[in-house]
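The values are calculated or read from the model by the stated rules, or taken from the named source; none is laboratory data. Remember, predicted model here, so these are calculated numbers, not experimental data. Backbone-built Cβ (ideal geometry, glycine too); neighbour counts: all protein chains shown.
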């Protein structure tokens, strides 16, 4: 059954010139099954982060809508947790307090001890034991995003929305955290919608990859199925012919095909 | 850094010594009992006053401790009330850009009014000089905190409010865990300006209302031509001002955060 339905969503922004509107993307339609990991890849400006915000309820679509397990999305909610590119941790709170804020909100019936135990478990899961009382400013980008992931996973949302979660993390750490994300997702099997422009990351993590043409007026060009067995290992994937085929296909699309804009359909 | 610090202290002490020396030199040749008192006379006065800070010989003769205590008491009541109103109003305005713009012209007109200008209205309405003085402090505590809070809340990063929205925090929890801590540095900066202007206003207000307080003390000593006491009171007012500011400076450091 279709779990998350993105139903012909169009987004216009007021034009930079001041009059009229510019279309960021139009008529984007796809569905995500429960437990599926779907990643959207496209150039900057194709509106993929905007679409993620619309699913999150933080922005409104110009036309079309998003339906999550039968209910139309109108506003933000606990069933859709976002992991932000810039982490968006509360800088005046410690690591522990940041996660606790989310756990408390997600499980209002829990006792203080239950909440604290849950927070501590997630801190351990993401390998931040010992940094509980540090503030985000004292952490590296990678550690901050571990907090962001723990905060999101700890609330057990129906859908995880990952907005270029590793873009601001150095390349070496990125791989490690991608592996951690994969491990956490394998255990929880949340439905995930991720946005990225890192092709390797998309193939490594996703069940399907949505390719967007370039904006303005971007469209969903293609949904690519990733038929690679899980668990996937970076070291083994490099030599896998299917991996190479996918990688070439997507890169070729990004280099050649995505510029065709709306005409591609 | 450490080297600099020693140098700063040395220059500071040197300047102080030069000032006090020049002052003493200027007054040493004037006939006794006339002209401005010198630093030695003020020091003697200070010693005498500080030995018995809390004596009470009736309405016109009280120790400096009692006078400062009376002023600080008014300050606390007026300042706490003014700050509470300013923060509540500031948060409301900061969260609503439309209301902010609608109310802002009135704030701009009222802000530059000396809090003492309200005194006649307060005296007329309340018919109580003590309460009127507290209201003057209330007025002088209001504007800097109000303006800073509204600005601080209005410029909270969208990301933090987005997280609060996703977590569907209720308005009270959102206020306590997100809005106030995010705007805290701006709010405390306002509180710090406010307490300075409130402490400035209290002296003038007490000169007008009489009775008790350090402002009244200064005016009373002027009427008695006790300039040594006036100079000592000036120093005392300055030192208390420093302490008040240092207290809020500490609060400001405790609530500061870096991204």
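Show me the strands (runs of 3 or more DSSP E) found entirely inside the stretch A:145-225 where at least 2 residues are under 21 Å from residue A:125 (Cα atoms) and touching a strand residue (DSSP E or B) at 6+ places or on another chain (Cβ under 9 Å).
Fully inside the stretch A:145-225 and qualifying: A:159-163, A:191-196.
Determine which single condition residue A:69 fails, assuming it passes every other condition in (1) surrounded by fewer than 21 Cβ atoms within 10 Å (Cβ to Cβ); (2) within 14 Å of chain B (Cβ to nearest Cβ).
For residue A:69, the failing item is (2).
Of everything in the stretch B:133-163, what is more than 10 Å from chain A (Cβ to nearest Cβ) and either more than 21 Å from residue B:93 (Cβ to Cβ) or surrounded by fewer than 18 Cβ atoms within 10 Å (Cβ to Cβ) (or both)? Give them in sequence order.
Selection gives B:133, B:134, B:135, B:136, B:137, B:154, B:155.
Considering only residues that are closer than 19 Å to residue B:133 by Cα, in contact (Cβ under 8 Å) with a residue 40 or more places away in the chain and surrounded by fewer than 17 Cβ atoms within 10 Å (Cβ to Cβ), which ones fall in the stretch B:78-113?
Answer for the stretch B:78-113, where residues must be closer than 19 Å to residue B:133 by Cα, in contact (Cβ under 8 Å) with a residue 40 or more places away in the chain and surrounded by fewer than 17 Cβ atoms within 10 Å (Cβ to Cβ): B:81, B:85.
Considering the stretch A:131-157 alone, what residues qualify as being surrounded by fewer than 17 Cβ atoms within 10 Å (Cβ to Cβ) and either at the interface with another protein chain (Cβ under 10 Å from one of its Cβ atoms) or more than 18 Å from residue A:92 (Cα to Cα) (or both)?
A:137, A:138, A:156
For the stretch A:35-55, what are the residues that are outside any loop (DSSP other than H, G, I, E, B) and either touching a helix residue (DSSP H, G or I) at 6+ places or on another chain (Cβ under 7 Å) or more than 14 Å from chain B (Cβ to nearest Cβ) (or both)?
Listed by number, the residues that qualify are A:37, A:38, A:39, A:40, A:41, A:48, A:51.
Filter the stretch B:164-176 down to residues that are surrounded by fewer than 22 Cβ atoms within 10 Å (Cβ to Cβ) and within 7 Å of chain A (Cβ to nearest Cβ) and give me whichever is farthest from residue B:92 (Cα to Cα). Talk me through it step by step, then tell me what you get.
Going residue by residue through the stretch B:164-176, those that are surrounded by fewer than 22 Cβ atoms within 10 Å (Cβ to Cβ) are B:165, B:168-176.
Filter again for within 7 Å of chain A (Cβ to nearest Cβ), leaving B:165, B:168-169.
Working: B:165: 18, B:168: 19, B:169: 17 Å.
For the stretch B:164-176, the residue satisfying everything is B:168.
Out of the stretch A:58-77, which residues are under 18 Å from residue A:27 (Cα atoms), in a loop (DSSP other than H, G, I, E, B) and in contact with a strand residue (DSSP E or B) (Cβ under 7 Å, 6 or more places away or on another chain)?
Correct list: A:61, A:62, A:73.
Only one of (1) within 14 Å of chain B (Cβ to nearest Cβ); (2) at pLDDT 95 or above is not met by residue A:168, so which one is it?
(2)
Given the criterion within 14 Å of chain A (Cβ to nearest Cβ) and modelled with pLDDT of 95 or more, identify the matching residue among B:252, B:258. Even if it seems obvious, please write down each step before you answer.
Details: B:258 fails: modelled with pLDDT of 95 or more.
Just a single option satisfies the conditions, and that option is B:252.
Collect the residues in the stretch A:78-95 that are more than 9 Å from chain B (Cβ to nearest Cβ) and either surrounded by fewer than 19 Cβ atoms within 10 Å (Cβ to Cβ) or in a loop (DSSP other than H, G, I, E, B) (or both), keeping them in residue-number order. Before you say what the answer is, go through the steps one by one.
Just the residues of the stretch A:78-95 that are more than 9 Å from chain B (Cβ to nearest Cβ), to begin with: A:79, A:83, A:85, A:94-95.
Scanning the stretch A:78-95 gives A:79, A:85, A:94.
Suppose we keep only residues that are crowded, with 19+ Cβ neighbours inside 10 Å and at pLDDT 95 or above within the stretch A:116-127. Which one would you say is farthest from the other protein chains (Cβ to nearest Cβ)?
A:123
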